[in-house]
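*Asks:* A single structure is presented below for examination.
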Amino acid sequence: MTEAVAHSWWMVGRQARNLAREPIWIVMMLIQPMIWLVLYSQLFRRIVELPGFDTDSYIDFLAPAVVIMTAFFGGTWSGMGMITDLDRGVVERFLATPARRSAIVLSQVMRAAATAAIQGVIILVVALALGAQNGGPDGWAAILVAGMLVAAGFSGISQGVALLTRREATMIAVANFIGLPLMFFSAMLIDFDLIPGWMQWAARFNPVQWAVDAAREPVLADPDWPLVALSLGLLAGFTAAATAFATWAFRSYQRTL
(Lines give C-alpha, C1' and ligand atoms only; values in the text may rest on other atoms or scores of the structure.)
Protein backbone atom coordinates (compact mmCIF):
# COMPACT_ATOMS: atom_id res chain seq x y z
CA MET A 1 0.00 0.00 0.00
CA THR A 2 2.83 2.39 0.92
CA GLU A 3 4.57 1.64 -2.37
CA ALA A 4 1.37 2.32 -4.35
CA VAL A 5 0.91 5.68 -2.63
CA ALA A 6 4.58 6.61 -3.19
CA HIS A 7 4.37 5.72 -6.88
CA SER A 8 1.08 7.60 -7.19
CA TRP A 9 2.61 10.77 -5.73
CA TRP A 10 5.59 10.42 -8.06
CA MET A 11 3.18 10.38 -10.99
CA VAL A 12 1.26 13.32 -9.54
CA GLY A 13 4.57 15.19 -9.58
CA ARG A 14 5.05 14.24 -13.22
CA GLN A 15 1.59 15.58 -14.07
CA ALA A 16 2.31 18.80 -12.16
CA ARG A 17 5.50 19.29 -14.16
CA ASN A 18 3.58 18.75 -17.38
CA LEU A 19 1.07 21.39 -16.28
CA ALA A 20 3.87 23.82 -15.43
CA ARG A 21 5.07 23.59 -19.03
CA GLU A 22 1.73 25.04 -20.18
CA PRO A 23 1.12 28.02 -17.86
CA ILE A 24 -1.96 29.10 -19.83
CA TRP A 25 -3.84 26.21 -18.21
CA ILE A 26 -2.76 27.34 -14.76
CA VAL A 27 -4.07 30.83 -15.54
CA MET A 28 -7.39 29.39 -16.76
CA MET A 29 -7.74 27.20 -13.68
CA LEU A 30 -7.40 30.29 -11.49
CA ILE A 31 -9.22 32.93 -13.54
CA GLN A 32 -12.37 30.96 -14.39
CA PRO A 33 -13.44 30.39 -10.73
CA MET A 34 -12.79 34.07 -10.04
CA ILE A 35 -15.15 35.01 -12.88
CA TRP A 36 -17.82 32.71 -11.44
CA LEU A 37 -17.32 34.09 -7.95
CA VAL A 38 -17.41 37.78 -8.90
CA LEU A 39 -19.99 37.53 -11.70
CA TYR A 40 -22.52 35.30 -9.95
CA SER A 41 -22.19 37.13 -6.64
CA GLN A 42 -23.18 40.38 -8.36
CA LEU A 43 -25.76 38.93 -10.75
CA PHE A 44 -27.73 37.13 -8.03
CA ARG A 45 -26.88 39.24 -4.97
CA ARG A 46 -30.52 40.25 -4.32
CA ILE A 47 -31.79 36.68 -4.47
CA VAL A 48 -31.19 36.32 -0.71
CA GLU A 49 -34.18 38.64 -0.21
CA LEU A 50 -36.45 35.73 -1.18
CA PRO A 51 -37.99 33.80 1.73
CA GLY A 52 -36.06 30.63 2.53
CA PHE A 53 -32.48 31.84 2.53
CA ASP A 54 -30.63 31.28 5.82
CA THR A 55 -28.16 34.08 5.14
CA ASP A 56 -28.39 37.68 3.96
CA SER A 57 -24.99 37.51 2.23
CA TYR A 58 -25.01 35.89 -1.20
CA ILE A 59 -21.21 35.84 -1.36
CA ASP A 60 -21.23 33.70 1.79
CA PHE A 61 -23.86 31.46 0.20
CA LEU A 62 -22.05 31.29 -3.14
CA ALA A 63 -18.38 30.82 -2.21
CA PRO A 64 -18.71 27.15 -1.12
CA ALA A 65 -20.69 26.42 -4.29
CA VAL A 66 -17.94 27.90 -6.48
CA VAL A 67 -15.41 25.64 -4.75
CA ILE A 68 -17.65 22.63 -5.47
CA MET A 69 -18.39 23.76 -9.04
CA THR A 70 -14.68 24.16 -9.78
CA ALA A 71 -13.82 20.79 -8.25
CA PHE A 72 -16.70 19.06 -10.04
CA PHE A 73 -15.81 20.31 -13.50
CA GLY A 74 -12.11 19.72 -12.88
CA GLY A 75 -12.80 16.10 -11.97
CA THR A 76 -15.21 15.58 -14.84
CA TRP A 77 -12.67 16.72 -17.43
CA SER A 78 -9.62 15.06 -15.87
CA GLY A 79 -9.95 12.07 -18.19
CA MET A 80 -8.59 14.21 -21.01
CA GLY A 81 -5.12 13.81 -19.48
CA MET A 82 -5.49 10.04 -19.65
CA ILE A 83 -6.60 10.28 -23.30
CA THR A 84 -3.44 12.26 -24.08
CA ASP A 85 -1.24 9.70 -22.32
CA LEU A 86 -2.96 6.87 -24.19
CA ASP A 87 -2.53 8.59 -27.56
CA ARG A 88 1.16 9.24 -26.94
CA GLY A 89 1.88 5.73 -25.67
CA VAL A 90 2.85 7.02 -22.22
CA VAL A 91 0.65 4.49 -20.41
CA GLU A 92 2.15 1.59 -22.37
CA ARG A 93 5.65 2.75 -21.45
CA PHE A 94 4.70 2.93 -17.77
CA LEU A 95 3.47 -0.66 -18.00
CA ALA A 96 7.01 -1.68 -18.93
CA THR A 97 8.42 -0.12 -15.73
CA PRO A 98 8.38 -1.42 -12.12
CA ALA A 99 5.71 1.21 -11.26
CA ARG A 100 2.61 -0.15 -9.53
CA ARG A 101 -0.18 -0.48 -12.06
CA SER A 102 -2.75 0.96 -9.64
CA ALA A 103 -0.65 4.13 -9.34
CA ILE A 104 -1.31 5.00 -12.99
CA VAL A 105 -5.01 5.49 -12.20
CA LEU A 106 -4.76 6.54 -8.55
CA SER A 107 -2.37 9.35 -9.43
CA GLN A 108 -5.00 10.91 -11.70
CA VAL A 109 -7.59 10.78 -8.91
CA MET A 110 -5.13 12.17 -6.36
CA ARG A 111 -4.11 14.96 -8.74
CA ALA A 112 -7.76 16.00 -9.18
CA ALA A 113 -8.25 16.10 -5.40
CA ALA A 114 -5.02 18.07 -4.82
CA THR A 115 -5.88 20.56 -7.58
CA ALA A 116 -9.35 21.05 -6.09
CA ALA A 117 -7.83 21.76 -2.67
CA ILE A 118 -5.44 24.39 -4.05
CA GLN A 119 -8.17 26.06 -6.10
CA GLY A 120 -10.51 25.90 -3.10
CA VAL A 121 -8.08 27.74 -0.83
CA ILE A 122 -7.60 30.49 -3.41
CA ILE A 123 -11.36 30.86 -3.95
CA LEU A 124 -12.03 31.07 -0.20
CA VAL A 125 -9.28 33.67 0.29
CA VAL A 126 -10.77 35.83 -2.48
CA ALA A 127 -14.28 35.32 -1.06
CA LEU A 128 -12.97 36.42 2.33
CA ALA A 129 -11.70 39.62 0.74
CA LEU A 130 -15.16 40.14 -0.80
CA GLY A 131 -16.81 39.90 2.61
CA ALA A 132 -17.57 36.20 3.05
CA GLN A 133 -17.06 34.52 6.42
CA ASN A 134 -16.60 30.96 5.05
CA GLY A 135 -17.77 29.43 8.32
CA GLY A 136 -14.49 29.80 10.19
CA PRO A 137 -11.92 26.97 10.47
CA ASP A 138 -14.61 24.26 10.59
CA GLY A 139 -16.26 25.71 7.50
CA TRP A 140 -12.97 25.87 5.58
CA ALA A 141 -12.21 22.25 6.46
CA ALA A 142 -15.65 20.99 5.41
CA ILE A 143 -15.61 22.98 2.15
CA LEU A 144 -12.15 21.78 1.14
CA VAL A 145 -12.81 18.13 2.04
CA ALA A 146 -16.09 18.20 0.10
CA GLY A 147 -14.31 19.75 -2.90
CA MET A 148 -11.54 17.16 -2.82
CA LEU A 149 -13.99 14.25 -2.59
CA VAL A 150 -16.25 15.43 -5.40
CA ALA A 151 -13.22 16.09 -7.62
CA ALA A 152 -11.74 12.66 -6.86
CA GLY A 153 -15.06 10.89 -7.41
CA PHE A 154 -15.80 12.41 -10.78
CA SER A 155 -12.16 12.04 -11.75
CA GLY A 156 -12.54 8.29 -11.18
CA ILE A 157 -15.55 8.20 -13.49
CA SER A 158 -13.76 10.35 -16.06
CA GLN A 159 -10.65 8.12 -15.98
CA GLY A 160 -12.81 5.03 -16.40
CA VAL A 161 -14.64 6.49 -19.39
CA ALA A 162 -11.33 7.58 -20.95
CA LEU A 163 -9.85 4.09 -20.58
CA LEU A 164 -12.94 2.40 -22.01
CA THR A 165 -13.52 4.75 -24.96
CA ARG A 166 -9.93 6.03 -25.63
CA ARG A 167 -11.37 8.73 -27.84
CA GLU A 168 -11.22 12.47 -27.16
CA ALA A 169 -14.54 13.21 -28.90
CA THR A 170 -16.35 10.59 -26.80
CA MET A 171 -14.74 11.90 -23.62
CA ILE A 172 -15.92 15.43 -24.42
CA ALA A 173 -19.44 14.21 -25.19
CA VAL A 174 -19.69 12.29 -21.91
CA ALA A 175 -18.30 15.20 -19.87
CA ASN A 176 -20.83 17.58 -21.40
CA PHE A 177 -23.64 15.06 -20.95
CA ILE A 178 -23.13 14.68 -17.20
CA GLY A 179 -21.69 18.12 -16.38
CA LEU A 180 -24.45 20.71 -16.71
CA PRO A 181 -27.39 18.40 -15.82
CA LEU A 182 -25.79 17.39 -12.50
CA MET A 183 -24.94 21.02 -11.78
CA PHE A 184 -28.49 22.22 -12.35
CA PHE A 185 -30.01 19.24 -10.50
CA SER A 186 -28.50 20.70 -7.35
CA ALA A 187 -28.93 23.73 -5.13
CA MET A 188 -25.59 25.14 -6.18
CA LEU A 189 -26.84 28.66 -6.99
CA ILE A 190 -30.11 28.81 -5.07
CA ASP A 191 -31.54 27.60 -1.77
CA PHE A 192 -32.64 23.96 -1.82
CA ASP A 193 -36.16 24.84 -0.62
CA LEU A 194 -36.69 27.13 -3.63
CA ILE A 195 -36.14 24.54 -6.36
CA PRO A 196 -39.11 22.48 -7.67
CA GLY A 197 -40.13 19.44 -5.65
CA TRP A 198 -39.29 16.91 -8.37
CA MET A 199 -35.83 18.43 -8.70
CA GLN A 200 -35.37 18.24 -4.92
CA TRP A 201 -36.15 14.53 -5.10
CA ALA A 202 -33.62 13.99 -7.91
CA ALA A 203 -31.00 16.11 -6.13
CA ARG A 204 -30.97 13.74 -3.15
CA PHE A 205 -29.28 11.14 -5.37
CA ASN A 206 -26.82 13.63 -6.89
CA PRO A 207 -23.21 13.56 -5.58
CA VAL A 208 -22.90 17.23 -6.53
CA GLN A 209 -25.75 18.05 -4.14
CA TRP A 210 -24.06 16.01 -1.40
CA ALA A 211 -20.96 18.14 -1.89
CA VAL A 212 -22.99 21.36 -1.86
CA ASP A 213 -24.71 20.31 1.40
CA ALA A 214 -21.39 19.43 3.05
CA ALA A 215 -19.74 22.68 1.95
CA ARG A 216 -22.58 25.14 2.46
CA GLU A 217 -24.10 24.08 5.78
CA PRO A 218 -21.12 25.24 7.87
CA VAL A 219 -21.43 28.83 6.56
CA LEU A 220 -25.12 29.17 7.46
CA ALA A 221 -26.40 30.72 10.69
CA ASP A 222 -27.57 27.36 12.09
CA PRO A 223 -25.44 24.60 10.52
CA ASP A 224 -26.84 21.07 10.31
CA TRP A 225 -23.67 19.16 11.22
CA PRO A 226 -25.29 15.69 11.00
CA LEU A 227 -26.17 16.55 7.37
CA VAL A 228 -22.54 17.59 6.79
CA ALA A 229 -21.29 14.28 8.20
CA LEU A 230 -23.83 12.27 6.19
CA SER A 231 -22.96 14.13 2.98
CA LEU A 232 -19.22 13.63 3.44
CA GLY A 233 -19.81 9.95 4.14
CA LEU A 234 -21.85 9.58 0.95
CA LEU A 235 -19.16 11.41 -1.01
CA ALA A 236 -16.47 9.12 0.41
CA GLY A 237 -18.48 6.07 -0.68
CA PHE A 238 -19.02 7.60 -4.11
CA THR A 239 -15.30 8.31 -4.47
CA ALA A 240 -14.40 4.76 -3.48
CA ALA A 241 -16.88 3.32 -6.01
CA ALA A 242 -15.68 5.65 -8.78
CA THR A 243 -12.03 4.76 -8.10
CA ALA A 244 -12.94 1.06 -8.22
CA PHE A 245 -14.63 1.67 -11.58
CA ALA A 246 -11.50 3.40 -12.91
CA THR A 247 -9.33 0.52 -11.68
CA TRP A 248 -11.61 -2.02 -13.37
CA ALA A 249 -11.50 0.01 -16.60
CA PHE A 250 -7.70 0.07 -16.45
CA ARG A 251 -7.57 -3.71 -16.09
CA SER A 252 -9.90 -4.01 -19.07
CA TYR A 253 -7.52 -1.77 -21.03
CA GLN A 254 -4.56 -3.95 -20.06
CA ARG A 255 -6.30 -7.06 -21.37
CA THR A 256 -6.52 -5.47 -24.83
CA LEU A 257 -2.75 -5.01 -25.14
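The values are calculated or read from the model by the stated rules, or taken from the named source; none is laboratory data. These figures come from a predicted structure and were not determined experimentally. Positions of Cβ are generated from backbone atoms using ideal geometry, with glycine treated the same way; all protein chains shown enter the neighbour counts.
Per-residue answers, yes or no, for (1) at pLDDT 95 or above; (2) out of contact with any helix residue (DSSP H, G or I) (no Cβ under 9 Å at 6 or more places or on another chain); (3) part of a helix (DSSP H, G or I):
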{"position": "Leu149", "(1), (2), (3)": "yes, no, yes"}
{"position": "Ala162", "(1), (2), (3)": "no, no, yes"}
{"position": "Pro218", "(1), (2), (3)": "no, no, yes"}
{"position": "Asp222", "(1), (2), (3)": "no, yes, no"}
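*Asks:* Next up: When the residues of the stretch 51-72 are narrowed to those that are part of a helix (DSSP H, G or I) and β-branched (Val, Ile, Thr), which ends up modelled with the lowest pLDDT?
*Replies:* In this case the residue turns out to be Ile59.
*Asks:* Only one of (1) farther than 27 Å from Thr2 by Cα; (2) in contact (Cβ under 8 Å) with a residue 60 or more places away in the chain; (3) under 12 Å from the mean Cα position of the chain (by Cα) fails for Ala127. Which number is that?
*Replies:* Against the list (1) farther than 27 Å from Thr2 by Cα; (2) in contact (Cβ under 8 Å) with a residue 60 or more places away in the chain; (3) under 12 Å from the mean Cα position of the chain (by Cα), Ala127 comes up short only on (3).
*Asks:* Would you confirm whether or not the stretch 56-63 contains a residue that is out of contact with any Ser or Thr (no Cβ under 9 Å at 6 or more places or on another chain), without any contact (Cβ under 8 Å) to a residue 40 or more places away in the chain and closer than 18 Å to Val12 by Cα?
*Replies:* No, the stretch 56-63 has no match at all.
*Asks:* For the structure I just gave you, tell me whether Asp213 is touching a residue at least 40 places away in the same chain (Cβ under 8 Å) and acidic (Asp, Glu).
*Replies:* No: the conditions fail for Asp213.
*Asks:* Which is surrounded by fewer than 16 Cβ atoms within 10 Å (Cβ to Cβ), hydrophobic (A, V, I, L, M, F, W, C) and out of contact with any His (no Cβ under 8 Å at 6 or more places or on another chain), of Leu189, Leu194, Leu182?
*Replies:* One residue alone meets the criteria, Leu194.
*Asks:* For Ser231, which of the numbered conditions (1) in contact with a Phe, Trp or Tyr (Cβ under 8 Å, 6 or more places away or on another chain); (2) of a type outside the set (A, V, I, L, M, F, W, C); (3) without any contact (Cβ under 8 Å) to a residue 60 or more places away in the chain fails to hold?
*Replies:* The failed condition is (3).
*Asks:* Now for a separate question. Condition first: touching a residue at least 24 places away in the same chain (Cβ under 8 Å), in a helix (DSSP H, G or I) and buried (at least 19 other Cβ atoms within 10 Å of the Cβ). Can you find one or more residues in the stretch 199-207 that meet it?
*Replies:* yes
*Asks:* Evaluate the stretch 248-255: report whether one residue or more is hydrophobic (A, V, I, L, M, F, W, C), free of Cβ contacts under 8 Å to residues at least 12 places away in the same chain and assigned to a helix (DSSP H, G or I).
*Replies:* No.
*Asks:* Now, a different point. I'd like to verify a number: residues in the stretch 73-103 that are out of contact with any His (no Cβ under 6 Å at 6 or more places or on another chain), of a type in the set (Lys, Arg) and not in a helix (DSSP H, G or I), how many?
*Replies:* Residues meeting the conditions: 1.
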